[in-house]
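Notes follow once the structure below has been shown.
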């Protein structure tokens, strides 16, 4: 069994923070978005997929250095404000299975997030959407992670907080446990994750070891 963790909203409580930065940055360019609009439309979506969607939806062309400038602003905010998801380190250490990270974020953002929250020693294998053609909700990233780890998709279990991520894992033929305990998750989030295909949804990382055991017991 391979357990594949998303990063933002699963390992680190970054989504509300990142979406606020996105909204502020886009609004400063004359393309107004609220934080909640970013959360509802783009959580779980890679920046490389987010840019063309914004340009199409708002009939605009973002600056050539948009991604670089946005990330510079975001990384400074992460340095000061990022926190791990409560209980995630103990939950991971309680798992007997192999594990890796598969995130829509860029490699440098994933590395920074794990370092800032003291989780970088828990994962030797980290995969980014920048390594595949299509990001979530396409299955490419999860299939890439499984292939690199040498594990068949049916033997993988994904931990995801986003609708796009749950859909991606399902399309890859993997089982999914939804996580609805991040700061960006509203009261209806657990139900939406189930509708997207999550077999179970947890609100606290302390629940993960027991929940996972239920899916791996003979």
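Conditions (1) touching a residue at least 12 places away in the same chain (Cβ under 8 Å); (2) over 17 Å from residue 45 (Cβ atoms); (3) crowded, with 20+ Cβ neighbours inside 10 Å, marked per residue:
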{"position": "112", "(1), (2), (3)": "yes, yes, yes"}
{"position": "121", "(1), (2), (3)": "no, yes, no"}
{"position": "130", "(1), (2), (3)": "yes, no, no"}
{"position": "150", "(1), (2), (3)": "no, yes, no"}
Exercise. So which helices (runs of 4 or more DSSP H) are wholly in the stretch 17-96 and hold at least 2 residues that are touching a helix residue (DSSP H, G or I) at 6+ places or on another chain (Cβ under 8 Å) and farther than 30 Å from residue 210 by Cα?
Worked result: 35-42, 47-58, 66-81
Seminar exercise, completed: Conditions (1) part of a helix (DSSP H, G or I); (2) buried (at least 19 other Cβ atoms within 10 Å of the Cβ); (3) in contact with a helix residue (DSSP H, G or I) (Cβ under 9 Å, 6 or more places away or on another chain); (4) assigned by TED's automatic domain parsing to the domain that holds residue 125 -> residue 100 fails only (1)
Exercise. Limited to the stretch 158-197, what total is found for residues that are surrounded by fewer than 22 Cβ atoms within 10 Å (Cβ to Cβ) and under 14 Å from residue 3 (Cβ atoms)?
Worked result: 1
For this session: Would you confirm whether any residue within the stretch 24-32 is closer than 24 Å to residue 180 by Cα and surrounded by 14 or more Cβ atoms within 10 Å (Cβ to Cβ)?
Result: no
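The values are calculated or read from the model by the stated rules, or taken from the named source; none is laboratory data. Quantities reported herein were computed from a predicted structural model and do not represent experimental measurements. Positions of Cβ are backbone-derived with ideal geometry, glycine not excepted, and every protein chain shown enters the neighbour counts.
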